[in-house]
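The structure appears below as structure tokens.
The values are calculated or read from the model by the stated rules, or taken from the named source; none is laboratory data. Small disclaimer: the values here were computed from a predicted structure and weren't measured. All Cβ positions, glycine included, derive from the backbone under ideal geometry; neighbour counts span all protein chains shown.
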2 protein chains.
Amino acid sequence: MPEKIAFLGLGAMGFGMATNLIKKGVSVTGYDVWAPTLERFVSAGGSSATTPKETVKDAPFVVFMVATATQIMDAMFNEENGAILALAKGATVILCSTGPPEYTPAVRKLLNEKGRSDVFLVDAPVSGGTIRAANGTLTILAAGEESAVEKAREVLELMAGSNLFTIPGGLGAGTKVKMVHQVLAGIHICMTSEAMGFAAAMGVNTTRAFEVLKSGEGTSWMFENRLPHMLVEDKTVYSALTIIVKDIGIVTAGGRSAGFPLFLSSATEQVLAGGIMAGLGPIDDAQLVGVYLPKDPKLVLKLASASTTAEDDEKKLKFVAQLMKGVHLAAAAEAMSLGVKVGLEPKQLYTIIAGAAGNSFMFKERTPQLLDGKWTSTKTVDDVIAELTESIEEANKMRYPLHLAGTALQLFELASLRGFGKEPDVAVSRVWDGADGPLFPRSS
Amino acid sequence: MPEKIAFLGLGAMGFGMATNLIKKGVSVTGYDVWAPTLERFVSAGGSSATTPKETVKDAPFVVFMVATATQIMDAMFNEENGAILALAKGATVILCSTGPPEYTPAVRKLLNEKGRSDVFLVDAPVSGGTIRAANGTLTILAAGEESAVEKAREVLELMAGSNLFTIPGGLGAGTKVKMVHQVLAGIHICMTSEAMGFAAAMGVNTTRAFEVLKSGEGTSWMFENRLPHMLVEDKTVYSALTIIVKDIGIVTAGGRSAGFPLFLSSATEQVLAGGIMAGLGPIDDAQLVGVYLPKDPKLVLKLASASTTAEDDEKKLKFVAQLMKGVHLAAAAEAMSLGVKVGLEPKQLYTIIAGAAGNSFMFKERTPQLLDGKWTSTKTVDDVIAELTESIEEANKMRYPLHLAGTALQLFELASLRGFGKEPDVAVSRVWDGADGPLFPRSS
């Protein structure tokens, strides 16, 4: 058991993570810029400090869970009161915030330049939400020098339990996995609103929509997680829209720096930006549906107990399910292609995402075919085009916008144009093949 | 001079076209479902009729300028009072409405089935706006059997003057040219709002933005035409949003039926659908900027005389110009690729669009390079990526949505991924190359 942990950043995630450590018997000194949080933290059994410098004093382990890479840079290197001014010799620093992949190597470089090559540094972004943060079962993606990861392991296991993954590739590799995961998290959050807004615009009973869609091939972890907050009046901010906006911004910046096209991620980013422009930034991301239904943002809620027949609703929900399936399959291909492009090991990447918030039915079902190169899907690219077309034409009748589904259709059309129309649907991944050949070779 | 013309559909365009014919000395019988228009038409020297059947009686020429192909079908074939019930033997029917390319052959087939193979039928969609409609200088894209086009020529010339083009390829070919033209018209209308919304969000004096942008490489016909209506309080509906929504719907349906990806057209369709959802359908399409600035739809107008310095504004407008250039170049490639895919002759297509409302600086400058295969542009695909990236990152700072520019970046990234990064920027067209080779072969 580590004797003392310094914990910087006690937001929705960090507070749960730090109090979980306290419950497990660790002495934790917490820090946050927002004073009321610190009081709550002391009530929960923690100690508090008023600067990063004071927080990390004498702590063999330091966890950063502030909101952004920029905040980490400031909390670590601020010349007045930064952690660097008091970091214990040989301390292990665990960076859990989600930032761009290049930020953890940048922290290493600065530490070394300031004569602190004695500090062990671990890149350890997390995923799983506030509940798993509080009970110590977060997914953690740990990367860095082996000696650093080993020193950090006991702390990481207190926060992750059996959900700790060690990612090969050095500092930044964990963050790359998180980035690829967020491709899917972002697209699925946005698609949840696109899909439910469409169902509502067709007048479907939205409670039934949830029941039908979650048990079909169009479902996703995000869909099942967010829907309950759309069907009742609930102003709780489980995850503010600004968080996924930040994360998808890291994704598209990653695509730009890798010179890699990310059509669905980019479309998602624009819809999310539309949400910010409409003033939805501080509220829960399940309310993004307001961007799709600007004149009646509460329509999904209003229709939660609408008097409709199951037969009528199910006919309409077929259109919605087809859109979700098509978008989720293309998203799986976009995410896995980016992962390979940035040097990640695709089988581990698949395992991690399949067990985390980025999964969808289509991701879990189709991605293994990409990995082993055996395309066993009985649906073809042209079949998906036919399904997407049918649903998009239905939406067009009422001029309902389908930013993601429209983009997904173009990706399948492009795959078909390149000669993959009669191939199994996972061949949409060929859109991301570069001049130097396929990212996912097909076996036999 | 034709002795009598029956004219069905006296909307904003049709009224001008029909009264132009009257001014040139033709006897015109007009028809419209909206009675007040008919009264105005009689005041302007026309005759009026109350049904399509009555309208076409004894008329050697019949012009249809109703809003949609569906309306044409009804006005022509309605069993109670359709034109077919009174169409003169050997009459020449000129279809000027914009519909999907397959509708004019469908009219021909139905006429034949009803024993009216004596009727000469011309596919003759128009472009150019209400002013050119009223002074007889519309661009008209005439196609059909040679005998039909020849019989119609004197009427077409009264409406088009020297802007009459004869399109090879039979019935539907004129409509295909119009469809390709509308790819550009639609994207440029949407980009005008995306660009000006961005300029306004940065706080630029929008009158200066217009002056600076229209004289640069990012300009387009639509930009120059729409901007004056954004900079003053003007509730006139020059062209209702619903019109371009209908037209871009024809474009994306054309892409789907040709199995051809149209990324920018699809993104445009979704933004326009967002405009419909926000209630902007009946108002002028220059107000689409409200979709980009939902909390302050009048911001472009408010900043028309903002106190800013030219130096500051010009720095910011560089970002906007870069986005417009990139989008317009990718749009030119998307449109010309679709044209070739549907069998149009690209040189004629270029000539028509360059002289019509679908043109942009980039279209006029770069398309000739596609056609003759001599890529002389000194900018590379990677240069465009760098410019788009710089501008998109600027917009990201304020979370301003860039639906079209974001999509355009992915297209250039995809071209680069396929090995065209160091090639001249027109190589973005290679994104649309299919399994059977390039659409635009490169010479030497």
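Kindly evaluate A:D123 against the criterion of being among the acidic types (D, E), without any contact (Cβ under 8 Å) to a residue 60 or more places away in the chain and surrounded by 24 or more Cβ atoms within 10 Å (Cβ to Cβ).
yes
Pairs under 7 Å by beta carbon, first residue within 18 Å of B:G279 (Cβ to Cβ) and at the interface with chain A (Cβ under 9 Å from one of its Cβ atoms) in region B:241-256, partner among the aliphatic types (A, V, I, L, M) and part of a helix (DSSP H, G or I), six or more apart or different chains?
These pairs meet every condition: B:V245/B:L272; B:V245/B:I276.
If we scan region B:148-158, do we find a residue that is in contact (Cβ under 8 Å) with a residue 24 or more places away in the chain, touching a Gly at 6+ places or on another chain (Cβ under 8 Å) and either more than 29 Å from B:R116 (Cα to Cα) or surrounded by fewer than 22 Cβ atoms within 10 Å (Cβ to Cβ) (or both)?
yes
If you go through region B:15-33 one residue at a time, how many are farther than 17 Å from B:G82 by Cα and either modelled with pLDDT under 95 or out of contact with any helix residue (DSSP H, G or I) (no Cβ under 8 Å at 6 or more places or on another chain) (or both)?
Of the residues in that region, 4 qualify.
Determine if region A:368-381 includes at least one residue that is among the hydrophobic types (A, V, I, L, M, F, W, C), within 22 Å of A:G218 (Cα to Cα) and within 14 Å of chain B (Cβ to nearest Cβ).
Yes: region A:368-381 contains one or more residues that are among the hydrophobic types (A, V, I, L, M, F, W, C), within 22 Å of A:G218 (Cα to Cα) and within 14 Å of chain B (Cβ to nearest Cβ).
Scan region A:258-268 and tell me whether some residue there is of a type in the set (F, W, Y), in contact (Cβ under 8 Å) with a residue 40 or more places away in the chain and either touching a Phe, Trp or Tyr at 6+ places or on another chain (Cβ under 8 Å) or more than 10 Å from chain B (Cβ to nearest Cβ) (or both).
Among the residues of region A:258-268, at least one is of a type in the set (F, W, Y), in contact (Cβ under 8 Å) with a residue 40 or more places away in the chain and either touching a Phe, Trp or Tyr at 6+ places or on another chain (Cβ under 8 Å) or more than 10 Å from chain B (Cβ to nearest Cβ) (or both), which makes the answer yes.
Check B:G437 against each of (1) of a type outside the set (A, V, I, L, M); (2) at the interface with another protein chain (Cβ under 7 Å from one of its Cβ atoms); (3) closer than 24 Å to A:S416 by Cβ and name the one condition it does not meet.
Condition (2) is where B:G437 drops out.
What do you reckon, is A:A335 of a type in the set (A, V, I, L, M) and surrounded by 19 or more Cβ atoms within 10 Å (Cβ to Cβ)?
Yes: the conditions hold for A:A335.
Counting only residues that are under 26 Å from the mean Cα position of the chain (by Cα) and either at pLDDT 95 or above or of a type in the set (S, T, N, Q) (or both), how many does region A:34-60 have?
The total comes to 1.
For every residue, the table says whether it meets (1) charged (D, E, K, R); (2) under 29 Å from the mean Cα position of the chain (by Cα).
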| position | (1), (2) |
| --- | --- |
| B:E365 | yes, yes |
| B:V384 | no, yes |
| B:I392 | no, yes |
| B:N396 | no, no |
| B:R399 | yes, no |
| B:P424 | no, yes |
| B:A427 | no, yes |
| B:D436 | yes, no |
| B:S443 | no, no |
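State the number of residues belonging to region A:126-147 that are surrounded by fewer than 22 Cβ atoms within 10 Å (Cβ to Cβ) and more than 15 Å from A:N20 (Cα to Cα).
Summing the residues that are surrounded by fewer than 22 Cβ atoms within 10 Å (Cβ to Cβ) and more than 15 Å from A:N20 (Cα to Cα) in region A:126-147 gives 3.
Restricting attention to region A:315-342, report how many residues are part of a helix (DSSP H, G or I), β-branched (V, I, T) and more than 28 Å from A:V204 (Cβ to Cβ).
The number of residues fulfilling the criteria is 1.
Select from region A:119-132 the residues that are hydrophobic (A, V, I, L, M, F, W, C) and not in a loop (DSSP other than H, G, I, E, B) and write down the one among them that is nearest to A:R226 (Cα to Cα).
Across region A:119-132, the extreme among qualifying residues is A:I131.
Can you name every one of the helices (runs of 4 or more DSSP H) wholly within region A:200-314 that holds 3 or more residues which are closer than 27 Å to B:L280 by Cβ?
A:241-258, A:263-277, A:289-292, A:299-302
Take the residues of region B:391-419 that are among the polar types (S, T, N, Q) and more than 15 Å from B:L293 (Cα to Cα): which is nearest to the other protein chains (Cβ to nearest Cβ)?
Among residues in region B:391-419 that are among the polar types (S, T, N, Q) and more than 15 Å from B:L293 (Cα to Cα), the one nearest to the other protein chains (Cβ to nearest Cβ) is B:Q410.
Conditions tested, residue by residue: (1) within 20 Å of A:A267 (Cβ to Cβ); (2) buried (at least 20 other Cβ atoms within 10 Å of the Cβ); (3) in the same structural domain as A:Q287 (by TED's automatic domain parsing).
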| site | (1), (2), (3) |
| --- | --- |
| A:E194 | yes, yes, yes |
| A:A201 | yes, yes, yes |
| A:M230 | no, yes, yes |
| A:T236 | no, no, yes |
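Right, A:R116: surrounded by fewer than 24 Cβ atoms within 10 Å (Cβ to Cβ), touching a residue at least 12 places away in the same chain (Cβ under 8 Å), assigned by TED's automatic domain parsing to the domain that holds A:A12 and not in a helix (DSSP H, G or I) or not?
So A:R116 passes the test.
Please specify each residue of region B:355-397 satisfying the condition of being on the phi > 0 side of the Ramachandran plot and in contact with a strand residue (DSSP E or B) (Cβ under 8 Å, 6 or more places away or on another chain).
Selection gives nothing.
For region A:270-313, which positions are in contact with a Leu (Cβ under 8 Å, 6 or more places away or on another chain), at the interface with another protein chain (Cβ under 9 Å from one of its Cβ atoms) and aliphatic (A, V, I, L, M)?
A:V271, A:L272, A:A273, A:I276, A:M277, A:V291, A:L293 - these are the residues of region A:270-313 that are in contact with a Leu (Cβ under 8 Å, 6 or more places away or on another chain), at the interface with another protein chain (Cβ under 9 Å from one of its Cβ atoms) and aliphatic (A, V, I, L, M).
I need the strands (runs of 3 or more DSSP E) fully contained in region A:15-105, keeping only those with at least 3 residues that are surrounded by 17 or more Cβ atoms within 10 Å (Cβ to Cβ) and of a type in the set (V, I, T).
A:92-95
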